[in-house]
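The values are calculated or read from the model by the stated rules, or taken from the named source; none is laboratory data. Since the model is a prediction, treat every value here as computed from it, not as a measurement. Every residue, glycine as well, gets a Cβ built from its backbone with ideal geometry; the counts of neighbours run over all protein chains shown. Please note that ligands, DNA and RNA were not included when accessible areas were found on the heavy atoms of the full protein model with its side chains. Shrake-Rupley method; radii C 1.70, N 1.55, O 1.52, S 1.80 Å.
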Amino acid sequence: MRLRSAFTAAFGAALLIAVTPASASAATGQFRYDYVTVEGFEATGFLNSPPSGRCIDLPGVGEDNPQPGHSPKNRTDAWATVFTDANCEGDSFTLRPHTGGASDRLKVRSVVFN
């Protein structure tokens, strides 16, 4: 009887672990950047609590906009590596957590948070 109870408890625990979703890791806070729209207007883009470990192409500065974003501000609690090209390619620069604005000469099109 004890063996069956132990087996049932172990099976139930294994089943619970298998069906419990893994928590998604995300940076807490906001990442901001400035850019000029295709129409020529100044704009600010932002990502709220972005996912960690995944390349993010920044909205507004994709293939349809020949001008990259600039002046990134990492106001999250994670390190952010920004890239000059989409798909986290090209030159990169790492921003510490909770940093103010970087130079407007720093051009960005994608970012990944670690």
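In region 104-114, the qualifying residues are those that are open to solvent by 70 Å² or more (accessible area, probe 1.4 Å) and over 19 Å from Gly40 (Cβ atoms), and the one that is nearest to the chain's Cα centre (by Cα) is Asn114. If only residues of region 85-103 that are modelled with pLDDT under 95 and either of a type in the set (Phe, Trp, Tyr) or closer than 15 Å to Tyr35 by Cβ (or both) are counted, the one that is least open to solvent (accessible area, probe 1.4 Å) is Ala102.
Restricting region 43-78 to residues that are modelled with pLDDT of 95 or more, of a type in the set (Gly, Ala, Ser) and under 15 Å from Glu89 (Cα atoms) leaves a set whose member that is least open to solvent (accessible area, probe 1.4 Å) is Gly69. For Asp34, state whether it is outside any strand (DSSP E or B) and either open to solvent by less than 70 Å² (accessible area, probe 1.4 Å) or farther than 14 Å from Leu106 by Cα (or both). So Asp34 does not fit the description; no. A Cβ distance below 9 Å, combined with a sequence gap of six or more or placement on separate chains, defines the contacts here; from region 31-59, residues that are under 17 Å from Thr76 (Cβ atoms) reach residues that are open to solvent by 60 Å² or more (accessible area, probe 1.4 Å) and of a type in the set (A, V, I, L, M) in the pairs Pro51/Ala24; Ser52/Ala24. Scanning region 70-93 for residues that are small (Gly, Ala, Ser) and in contact (Cβ under 8 Å) with a residue 40 or more places away in the chain gives Ala78, Ala80.
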